[in-house]
Amino acid sequence: MHWLIAPGFFTSAPVHTALVLSAIAATVCAVVGVFTVLRGMAFAGHALTDVAATGGSGAVLVGASPLTGFLTGAVAGAGAVAVAGGRDARGRDVATGIVLSLATGLSALFLYLDATTSSATGVTQRVLFGSLFSADPSTVLPTLSVGLLALVVTGLTVRPLVLTSLSVELARARGIRVGLVNVVFLATMATAVGLSALVSGSLLSTALLIGPAVAAVRCTTRLSHALVVATALGVGCSWLGILLSYDSYNWMPNNQSLPVSFFVVVTVVLSYAICTWWGTRARRV
Amino acid sequence: MQPEILSVEHLTVALRGRVILDDVSFVIRRGEFTGLIGSNGVGKTTLLRALLGLESPHSGVITIDGAPRGRSHAAIGYVPQKIALDADVPLRVRDFVALGLDAERWGLPRRTAAHRARVREVLEAVGATHLADQRLSALSGGEQQRVFIAHALVRRPAILLLDEPLANLDPRNVQEIVALLHRLAREHDVAILLSAHEMNALLPVMDRVIYLTGGHCASGPTNEVVQTDVLSALYGHHVDVVQVHGRVFVIAEPNEATDNLPEHPTLTVH
């Protein structure tokens, strides 16, 4: 069994923290991700991950927690996209591109200042690619609270979200305030991105937001099933990534673990490929 | 005579400073099939959007089932011109139709036995029972149109507005959808207002026509409106109305302004 699960995995406190944090982040990302895919907002989701990096690197600079930075950055980015993007998808894409450029520039500045003026080591690695095993256990409660809030908001808006995803015109005809739904969803998506950045770093957090969701919608025909499958894939891939990263300590000659984010992204991409194959096959039958 | 379900009086709508609808008036009664006819760009969609409360009139009054038009009205069912569905949308036909019951409400949907029975009933009414468990995005154009109609009907509206529902269908599907809507109007006592740029497919079933051009309209029973004198007055110049093998052709004189002309074959320019 040791070839599969290295000794100490179940008794390690950092592993416990990593498993809990990743489960929360993966669940929120999976649920929000399904609607991100339905609404064709994968680009906006990816851009928010870069804005989260700005927040994360800025937080380190001022001595705040990375979680606070990731969430603040992503939510501020979502607000900027909502304000500048107007009402149509094209305007939103243009605004997203501009916000993305500005955020990337600020990230470069903050990371440079972090590296040259901060006493903290490995900041760039931690912000961009994550460092789940060094996560502070005290972040579990705020992560859980923010994650639950995002899930409750998604649950409350689920019906208007679905209809606006299918047809904005039909939704408006039903009296749904489409602009309000868009803003609320952008804020929820930013929250999911901020949580995901904790697990896989800001650069790779799109993997948890988009990967399990798009895999799930490819192989299911019901929204409820897509949500369950996306959650199972997201949590499963995160936990498998943590396990493989933990095991990799014994694989490398210098006894250094490989990054969790690498394994999470690889397992997410594999699950996407399998689900796409499965879904295509099922539709042919 | 059936009671009025929709009354439009002296409606004027302007978009970005341009008058699209100018002093338009008509009534629609329960169970009537009404065609909203006009070429592309004459304001059919604007009129439907005004009826839906999505455009604010510059002047005029819209009354639905005896009450002034509000932002949202359960008495209206709507089928938009286009719903572009991604192939991966994980939504079954029965779930999409059920969404028509309460899509604007907050919170998780709780489907009761009565909800499920209503969905079954309306799917049966549009001849789509066999599609209930299929992925919505996997259906053909004609099948999707039936499902969109079911979605609009599930709340038992008194009037159903359809924006160019025949535009992308082949002739067989056009006939089937028109026959379906005619049957629904009769059996479910629902008024149908269907916009189209071509009226021939609707001639066998239309009780009433609203003929729109240049921002103005003529409305009434089809055989009274589609007449040379009525349409000539509406266009502001002479046009001929000719019937050939049960099809109607509206023919303009040579050298007349063509800005407001409907598309072939409703209007043929010689």
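Quick note: the coordinates plus some simple rules give every number you see, no bench work behind them. Note that the structure is a prediction, hence the values are computed from the model and not measured. We place every Cβ from the backbone using ideal geometry, glycine too, and count neighbours over all the protein chains shown.
Note on the protein assembly as shown: with charges restricted to the Cβ of Lys and Arg (+1) and Asp and Glu (-1), its dipole about the Cα centre is near 1560 debye. Treating r as the C-beta distance of B:E104 and A:V140 and R0 as 45 Å, the FRET efficiency rounds to 0.75. Taking 7 Å steps out from each Cα toward its Cβ at A:A273 and B:V61 produces label points 6.9 nm apart.
Report the FRET efficiency, 1/(1 + (r/R0)^6), for B:H245 and B:N223, where r is their Cβ-Cβ distance and R0 is 22 Å, rounded to 0.05. Given R0 = 22 Å and the Cβ-Cβ separation, E is 0.85.
Full-extension gain between A:R281 and A:W251, please, as 0.36 nm times their residue separation minus the C-alpha to C-alpha distance.
On the way: separation 30, 0.36 × 30 = 10.80 nm, distance 3.67 nm.
Fully extending the segment from A:R281 to A:W251 adds 7.1 nm.
Amide H contacts under 5 Å for B:V79: B:L161, B:L162, B:D163, restricted to partners 5 or more places along the chain or on a different chain, H placed in the peptide plane at 1.01 Å from N. Peptide A:168-180 has a mean of 6 when you count, residue by residue, the C-beta atoms of other protein chains within 10 Å of its C-beta. Among the cysteines of the protein assembly as shown, those with no neighbouring cysteine Cβ under 4.7 Å are A:C29, A:C237, B:C217. Projecting the Cα atoms of A:G175, A:L128, B:L85 onto the charge dipole of the protein assembly as shown, computed from C-beta unit charges around the Cα centre, puts A:L128 farthest toward the positive end. Across peptide B:94-102, the average count of Cβ atoms from other chains found within 10 Å of a residue's Cβ is 3. Projecting the Cα positions of A:V162, A:L198, B:Q175 onto the charge dipole of the protein assembly as shown (unit charges on Cβ atoms of Lys, Arg, Asp and Glu, taken about the Cα centre) puts A:L198 furthest along the positive direction.
Return the FRET efficiency for the residue pair B:D170, B:D133: r is the Cβ-Cβ distance, R0 is 25 Å, and the value is rounded to the nearest 0.05.
Calculated transfer efficiency: 0.45.
Can you sort B:S39, A:S57 so the residue with the fewest Cβ neighbours within 10 Å comes first? All intermediate terms of the calculation are to be shown ahead of the outcome.
Values: B:S39 18, A:S57 30.
Fewest-to-most Cβ neighbours within 10 Å comes out as B:S39, A:S57.
Among B:M1, A:M189, what is the fewest-to-most ranking by other Cβ atoms within 10 Å? Walk me through the numbers on the way to the answer.
Working: B:M1 5, A:M189 28.
Ranking B:M1, A:M189 by Cβ neighbours within 10 Å, fewest first, gives B:M1, A:M189.
Electrostatic tally near B:V61: other residues with Cβ closer than 11 Å to its Cβ, Lys and Arg +1, Asp and Glu -1, net 0.
Per residue of peptide B:75-85, the mean number of Cβ atoms on other chains within 10 Å of the residue Cβ is 3. Peptides B:181-194, B:43-56 ranked from most to least packed by the mean count of surrounding Cβ atoms within 10 Å: B:43-56, B:181-194.
Between A:A84 and B:A233, the modelled labels are 5.7 nm apart [label points 7 Å from Cα along Cα→Cβ].
Around B:T45, with a cut-off of 10 angstrom between Cβ atoms, what is the net charge of the other residues, counting Lys and Arg +1 and Asp and Glu -1?
Working: positive: B:K44, B:R49; negative: A:E169, B:E55, B:D163, B:E164.
Summing Lys and Arg as +1 and Asp and Glu as -1 gives -2.
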